[in-house]
Amino acid sequence: MTLTEEIERIKADINAIALQTVEETEQYRIKYLSRKGIVPALFERFKEVTLEERKTIGKLLNELKQKAELTWKESLEKVQDNQDTNSAIGFDPSAPGRPFQRGSRHPLSVVANEINSIFSRLGFTIAEGPEIEDDWHIFSALNFPEEHPARDMQDTFFIEKNPDVALRTHTSSVQIRMMESKQPPLRMLMPGRVYRNEAISARAHCFFHQVEGLYVDENVSFADLKQTLLTFSREMFGEETRIRLRPSYFPFTEPSAEMDISCTVCKGAGCNICKYTGWVEILGCGMVHPNVLENCGIDSKKYTGFAFGMGIERIAILKYRVKDLRLFSQNDMRFLKQFETEW
């Protein structure tokens, strides 16, 4: 077979090739275009061609080389584009379907929303305030004496001294802001995150969530406070829930009390959750101290009010019987997935 016939046969072979994959395209390059491939071998035979045939055969060889290279480049681009497209969409006809993972609300969000909903039905509106506060709104306006232990660095995260600026230790600071900016009647609920300089353990954390309530108007009594908290407790924990109020002390309320509910686990019979007393403490409350009203520009002779505050984590622990407070902030999906039905 002459060199001209060989060139035409190889050109026909190249025209008939249909490359489908990257591997096939690479095998084509090795066969036809590599240093020991078919096309370079033809150029070696070109040295034996007579002077009269060189011009004609040289043109055919160059056309064959250009055709072989163009076929390789176009095929390579095509199979790479197809591969990238399939890879981008993750398409595999033989693969099983990928189900969507169903999310869930955080248990603290579920409990906070439920608390907000109950008090909203009782006429309370939601109010919020800054988490970085000054001494006046955290302590002084709330009737904290300067020597009160809560001002100590072991309880509070101070950011600046003189004047004191700190991360709020309770959402009572929002109560002060509301009473400073509005006149009674006031019926507000203040949820939010608070911070205290405490060692982290199963029962304590350096940050947690509170919700506090405030009602100020003419002729507000302790009986109003008791009935409000009883209604909340039965809405939250069930109609059979009982409450009791024990005398306590808070600088910003007088009289003050801590409220217990009948144990939700043993129904008051006694268990390790309630330490065999039948009661579990859930919140502190009391009548707003006259000094606090006066500090906010409200006439304490005309108006009275009550306030209460509870930890959302404490309510969630009772509701879901969680034993370790740290679980709420660890973002462990094994823990959070348990609440996926709470929508």
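The values are calculated or read from the model by the stated rules, or taken from the named source; none is laboratory data. These figures come from a predicted structure and were not determined experimentally. Heads up, the Cβs are rebuilt from the backbone with ideal geometry, glycines too, and the neighbour counts pull from every protein chain shown.
For this structure, a couple of remarks:
- Scanning segment 168-183 for residues that are more than 19 Å from residue 109 (Cα to Cα) and touching a helix residue (DSSP H, G or I) at 6+ places or on another chain (Cβ under 9 Å) yields a count of 10.
- The single residue among 234, 177, 242 that is under 29 Å from residue 165 (Cβ atoms), in the same structural domain as residue 310 (by TED's automatic domain parsing) and surrounded by 14 or more Cβ atoms within 10 Å (Cβ to Cβ) turns out to be 177.
- Segment 85-114, subset under 18 Å from residue 337 (Cα atoms) and part of a loop (DSSP other than H, G, I, E, B), residue modelled with the highest pLDDT: 106
- Residue match in segment 195-209 (condition: modelled with pLDDT of 95 or more, of a type in the set (A, V, I, L, M, F, W, C), within 32 Å of the chain's Cα centre (by Cα) and not in a loop (DSSP other than H, G, I, E, B)): no
- Some residue of segment 321-337 being farther than 18 Å from residue 112 by Cβ and at pLDDT 95 or above: no
- You will find that of 339, 335, 306, 328, the residue that is closer than 19 Å to residue 102 by Cβ, in contact (Cβ under 8 Å) with a residue 24 or more places away in the chain and among the aromatic types (Phe, Trp, Tyr) is 339 and no other.
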